[in-house]
Amino acid sequence: MGIYLDYNASAPIDERVLSAMMEVYRNSYGNADSRTHGFGENARKIVENARMQVASLLSVDKSEVFFTSGSTESNNIAILGLQEFAEKSNKKHIITTAIEHKSVLETAKSLEKQGYRIDILKPDESGRICVEQIKELLSEDTLLVSIMHANNETGIIQPVKEIGEFLKEQKVLFHVDATQSCGKLVEELRELSYDMLSLSAHKFYGPQGIGALILRKKRYKLPPVKAITYGGQQESGIRPGTIPVGLVAGLGVACELAEADYKKNMEHCRECKTIVLEQLAQCGLEYIINGNQEFCMENTVNVSIKGVEAEALMLSSKQYCGISNGSACNSKSYSPSYVLVAMGLDENRISSSVRLSWGAGTDQDELKSNVKKLLNVAKGLVF
C-alpha cells in the first residue's frame, strides 16, 4: 500500500487516543446525562474533562465548547442556527468564499433559496482572498462572514486574523472553519478574534465522528445560535442527542496531545515538506506548485505535473503513495477541483493536480523513497 499521504482527508488515530477511548468503552458505559447513579456521573466527568482539554488547546472557556459529530455538523449549526436571529433582526446577508468546504457552501446556498443574499468571494491565483473584498461587501443587513482558516486542497492559509480584527468592530458575526488548522496552528487560533469556530478530531489524530463548535461569549452572552435538530437538551440545547463519551474522550486526548506537541509536530512536517519539494526539484518533470507557499501549511503540497493526468497518476502509483486530488467529499465525482477553478487555474493545470499531505507520524525516509517512486511513475505517464 505504500506510504499514506492523505492526512488532510483523515489523519491516523494516535495510539494514545485509541487507548483512552478503549478504556472508556470498557469501563465507562454510562450515559453522561443520567443523573441518578454513579455510572452517569462517571461518564459526565469524562465529558467535562474533555471539554476542558478542548478549551485549553484553544484558550477559550469550557462553557464555550459544544460537542458535535464533526466540522460538517458544526458548520451547519453555525450557519443555519442563526435563522431565528436573522428573521428578527432582518439581517439576511452572508459573505463566504468559493473555496470553502461544501458544508459551508451548500448550507449557505440553501439559505439563498429562502431569500437570503449570499456573496461568494473568489481568491486570486495565490489561493488567498482579499480582506478588502469583505470590507466592500459589508452592509447594514450583513449577518455573517464565514471563512476557513486553511484550505483542505491547497493548504493555503486565509487572512482570518485580519478579518477577525476588522469584524470585531462591526455588528457582524464571524465564523471560522478551523478543520485543517486546529491542533496545528495553535498560537494563531488562540490569538484569533471570532464568534464561532468549527473543528474535527480526525484531522489531528483523533477519532472520526466527533468534533466541536466553539461559541465565544461577548458580554457574557453566546452568539444567537439555536439548535437545528431536535430531541433533547444535551450540549445546552445546541446539539441534542446522547453524547458519545468514548469519542468525546478521544477528542479531548487529541487536544491535550496537540497542545503538548504542536511545535514538534510542525517542525517534523516542515522537514517533510522540504523532502517533497526537493524530490520535485530533482525529478526532471515540469511542474508548478498551486498556491502561494508563503501562506501554506507545512503539511500540504498541491502540485500540477505538466502532461500527467492526476487520475492516471493516482491509480498507477497507489502501491507507493496514498494521495488524492482534492476534497474527500467530492472524490467520487471526478469533476474538476472547484477550489482550483475558483483560483482561476486553467483546465490542464487543474486536471494534472494532486495533493500530498502528511503528519507527525510520517516516516521521512519512507517519504523520500516513495515520493521518488511516485515521480518516476509520473515520468512514464507524460503525454
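Please treat every number below as a calculation from the coordinates, not as lab data. Keep in mind it's a predicted model, so treat the numbers as computed, not measured. In this analysis, Cβ positions are derived from the backbone assuming ideal geometry, glycine residues included, and neighbour counts consider all displayed protein chains.
With r as the distance between the Cβ atoms of Ser10 and Ser59 and R0 = 35 Å, compute the FRET efficiency 1/(1 + (r/R0)^6) and round to 0.05. Efficiency computed from Cβ-Cβ geometry: 0.85. Ordering His37, Val104, Leu58 by the projection of their Cα atoms onto the charge dipole of the range 9-110, which places +1 on the Cβ of Lys and Arg and -1 on the Cβ of Asp and Glu, puts Val104 at the extreme positive end. Highest mean packing first, where packing is the average number of other Cβ atoms within 10 Å per residue, the peptides 304-316, 186-198 line up as 186-198, 304-316. Once you reduce the range 343-383 and the range 46-85 to the center of their Cα atoms, the two points are 35 Å from each other. In percent, rounded to a whole number, the relative contact order of the range 83-167 is 35, using alpha-carbon pairs under 8 Å and six or more apart. For the range 1-145, the Cα-based Rg and Dmax, in that order, read 20.4, 59 Å.
For the chain, the antiparallel share of DSSP beta bridges with both residues in that region comes to about 50%. Going by a ≥ b ≥ c, the root eigenvalues of the Cα gyration tensor, does the range 146-280 fall in the rounded group (a/c under 1.5), the prolate group (a/b larger than b/c) or the oblate group? Oblate is the answer for the range 146-280, as a/c is 1.5 or above yet b/c matches or exceeds a/b.
Computed from backbone phi with θ = phi - 60° and the Karplus coefficients 6.51, -1.76 and 1.60, the 3J(HN,Hα) list for the range 241-256 is x, 4, 6, x, 4, x, 5, 4, 4, x, 4, x, 5, 4, 5, 4 Hz; x is used for glycine and proline. Counting only Cα atoms, the size of the range 53-121 along its three principal axes is 40, 29, 20 Å, in decreasing order.
In the range 263-383, Cα pairs under 8 Å separated by at least six residues give a relative contact order of 39 percent.
Let me check against my output: what whole-number percent is the relative contact order of the chain, with C-alpha pairs under 8 Å and at least 6 apart?
Rounded, it is 24 percent for the chain.
Residue pairs exceeding 25 angstrom between C-alpha atoms, taken from Lys62/Lys168; Lys122/Lys263; Lys161/Lys218: Lys122/Lys263.
Potential lengthening of the chain between Asp141 and Gln208 amounts to 20.4 nm, from the contour at 0.36 nm per residue minus the alpha-carbon distance. Per-residue packing, averaged as other Cβ atoms within 10 Å, sorts the ranges 151-159, 111-119 into the order 151-159, 111-119, beginning with the highest. Charged side chains reduced to their Cβ positions (Lys and Arg at +1, Asp and Glu at -1) give the range 78-222 a dipole of some 580 debye around its Cα centre.
Evaluated with a Cβ-only charge set (Lys, Arg +1; Asp, Glu -1), the range 163-283 carries a dipole of roughly 580 debye about its Cα centre, given to the nearest 20. Kindly identify the chain as rounded, prolate or oblate by the Cα gyration tensor criterion: order the square roots of the eigenvalues as a ≥ b ≥ c, call it rounded if a/c is under 1.5, otherwise compare a/b with b/c, prolate if a/b is larger, else oblate. The shape class here is oblate.
In the range 201-292, taking the dipole from charged Cβ atoms about the Cα centre, the farthest positive-side position among Ile243, Gln233, Tyr205 is held by Gln233. Placing +1 on the Cβ of every Lys and Arg and -1 on the Cβ of every Asp and Glu, with nothing else charged, gives the range 145-222 a dipole about its Cα centre of roughly 460 debye. The packing ranking of peptides 8-15, 166-173, highest mean first, is 8-15, 166-173, where packing means the average number of other beta carbon atoms within 10 angstrom of each residue.
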